[in-house]
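Asker: Input: one structure, supplied below.
The values are calculated or read from the model by the stated rules, or taken from the named source; none is laboratory data. Values in this document were obtained by computation on a predicted structure and should not be read as measured data. As a convention, Cβ positions derive from the backbone with ideal geometry for all residues, glycine included, and neighbour counts pool all protein chains shown. When the accessible area is computed, the model is the full protein with side chains, heavy atoms only, and any ligands, DNA or RNA have been set aside. Shrake-Rupley method; radii C 1.70, N 1.55, O 1.52, S 1.80 Å.
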Amino acid sequence: MSATMRMAPALLLAPLAACATVAPAPVANPPAGMQYLYGSGEGAALSVQAWNALLAYVSARVKARPADSVVLAEGARLAAPRFVPCGDKPFAAVFDVDETVMLNTGYEYHDAKTGRGFDAAAWDAWEKTGEGAVGPVPGADHGLAALRGLGVTVIFNTNRSAANADSTARAIKAAGLGDAVHGQTLYLSGDDAMGSRKDGRRATIAARYCVIAMGGDQLGDFSDLFNAAQPVSARRDATLQPLVAGLWGNGWFVMPNPVYGSGLKGGFDDIFPMDKRWAPPAIGEK
């Protein structure tokens, strides 16, 4: 068959094809990260483990008032961290929302079934209408209630849109996480001029409260300094500097999220150092 003959049917059908909607290929199973986070006992256990550690830490800090909060002071560096003083301010704990205290199960189902990846318009619609398909991160509902029982104000600092503040507050409540009031216990992207960066919102919160714990699923939930255009390896190394490493589980608590976010970056050269690579020996070699 000639090339002309092979192309002819396609040319004849092109106008019709342009008008048709191509159905996405059926998805057999959710991606591995979703299986782990939304379905596995291991993912649930890891979350509960983090909440148990957080509550133990906060209980001790409430009894022995700290001099400083766990929010980095303006001008601090990861290599030389300084923290906002507590004074006599009331206690608070600050949390990201999505995949830190609340699981976006409905949205991730949509994402898994369509296979289209993140879509800003779909996410905006989810923020506005998804409150019926959310749930608590395992341990979060009981953990937040326990914090409030200790007299610690729970504050949410999320990159959901300020334009959707009311629907986000409803979703938080629907997930069993209690009430959230915009500008008081709920801070959102658009509340200041810093966009998705959270340091400004953290500073506002730390000016009013002694923040004794923070929880998040991304490093930016603790400091924007982690996202200062660093290579993958340097960003990882920043978490391991002695003065920063001592904060994990001691004021800063990370929740698992293998589904999306700033941690899912890097090619082979970023992830696998040359001196740590291996391949099976050739036949006959020992």
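Asker: Among G261, C86, A28, which residue has its Cα furthest toward the positive end of the charge dipole of the chain, with +1 on Lys/Arg Cβ and -1 on Asp/Glu Cβ?
Answerer: About the Cα centre, the residue reaching furthest to the positive side is C86.
Asker: Return an integer: the convex hull volume of the alpha-carbon atoms of the range 228-270, in Å³ per residue.
Answerer: With only Cα atoms used, the range 228-270 gives 93 Å³ per residue.
Asker: Go from 0 up to the bin containing the longest alpha carbon distance in the chain, width 5 Å each, and give me the % of pairs per bin.
Answerer: Cα pair-distance distribution for the chain, in percent: 1, 5, 10, 14, 16, 15, 12, 8, 5, 4, 3, 3, 2, 1, 1, 0, 0.
Asker: Considering only the chain, what is the antiparallel percent among its DSSP beta bridges, to the nearest 5?
Answerer: Antiparallel bridges: around 20 percent, rounded to the nearest 5.
Asker: Using the Kirkwood radius over C-alpha pairs as Rh, can you work out the diffusion coefficient of the range 109-217 via Stokes-Einstein at 10 °C, viscosity 1.306 mPa s, in µm² per second?
Answerer: Value of D from the Cα-based Kirkwood radius: 105 µm²/s.
Asker: About the Cα centre of the chain, what is the dipole size in debye to 20, counting +1 per Lys and Arg Cβ and -1 per Asp and Glu Cβ, all else neutral?
Answerer: 320
Asker: Roughly how large, in nm² to one decimal, is the mean projection of the convex hull of the alpha-carbon atoms in the range 144-286?
Answerer: Averaging across all directions leaves 12.6 nm² for the Cα convex hull.
Asker: Another question, then. Enter the angle in degrees (range 0 to 90, nearest 10) between the Cα long axis of helix 199-208 and the first principal axis of the Cα atoms of the chain, meaning the one along which they spread out most.
Answerer: 20
Asker: Now for a separate question. Using Cα-Cα distances under 8 Å and only pairs 6 or more residues apart, what relative contact order does the chain have, in percent?
Answerer: Once normalised by length, the contact order is 24 percent.
Asker: Return the carbon/sulfur percentage of the accessible area of the chain, one whole number, probe 1.4 Å, all protein chains in place.
Answerer: Roughly 61 percent, rounded to a whole number.
Asker: Charges at C-beta only: +1 for Lys and Arg, -1 for Asp and Glu. How large is the resulting dipole of the range 86-188 about its Cα centre, in Debye rounded to 20?
Answerer: Values: 8 positive and 13 negative charges, 29 e Å.
That gives a dipole near 140 debye.
Asker: For the range 11-170, with only Lys/Arg (+1) and Asp/Glu (-1) charged at the beta-carbon, what is the dipole magnitude about the Cα centre, in debye rounded to 20?
Answerer: For this selection, approximately 460 debye.
Asker: Something else: How tilted is helix 120-129 with respect to the longest principal axis of the chain? Cα atoms for both, answer in degrees (0 to 90, nearest 10).
Answerer: The angle comes out near 60 degrees.
Asker: I would also like to ask the following. Rounded to the nearest 500, what is the 222 nm mean residue ellipticity of the chain from helices alone, with -39500 (n - 2.57) per DSSP H run of 4+ residues and division by all residues?
Answerer: The helix contribution divided over the chain gives -11000 deg cm²/dmol.
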